[in-house]
Amino acid sequence: MALNKNKNLKLYYSIGEVASMFGVTETLLRFWEKEFPSIKPQKAGRGIRQYTRDDIDVIRKIHYYVKEKGMTLEGARQALKENREGTDVKIEVLDRLKSIRDELQEISKEMNYLS
């Protein structure tokens, strides 16, 4: 779920890139777009979606509520409205911990390879 550092420079992200960031399908992102009006990707020619950093931040929160905490869509909608319990900080910490876990797993693989 951590963003590639080079991608932080981009203004817009395709639906495929966003789906990949969160490990979800493009279909799920389209569904969430209908369920959560705060996700408003711009549409380029031929209806191609272009997600901004703000869209991605909303998707990150929805993903956290629905996929990490197991909330219903209605529960996630309410939590977004209330911005419960400093969600931004929790998500940031969770992302950092996942990144550290991935780094440790990579180090472990390298050490096993050298043994």
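The values are calculated or read from the model by the stated rules, or taken from the named source; none is laboratory data. Everything numeric here is computed off the predicted structure, so don't read it as measured data. As a convention, Cβ positions derive from the backbone with ideal geometry for all residues, glycine included, and neighbour counts pool all protein chains shown. Please note that ligands, DNA and RNA were not included when accessible areas were found on the heavy atoms of the full protein model with its side chains. Shrake-Rupley method; radii C 1.70, N 1.55, O 1.52, S 1.80 Å.
Any idea which residue in the range 11-43 is nearest to E82 (Cα to Cα), counting only those that are in contact with a strand residue (DSSP E or B) (Cβ under 6 Å, 6 or more places away or on another chain) and either open to solvent by less than 40 Å² (accessible area, probe 1.4 Å) or β-branched (V, I, T) (or both)?
Only one residue tops the list, namely P41.
How many residues does the range 27-52 hold that are touching a residue at least 24 places away in the same chain (Cβ under 8 Å) and either among the aromatic types (F, W, Y) or closer than 23 Å to V93 by Cβ (or both)?
So the answer is 4.
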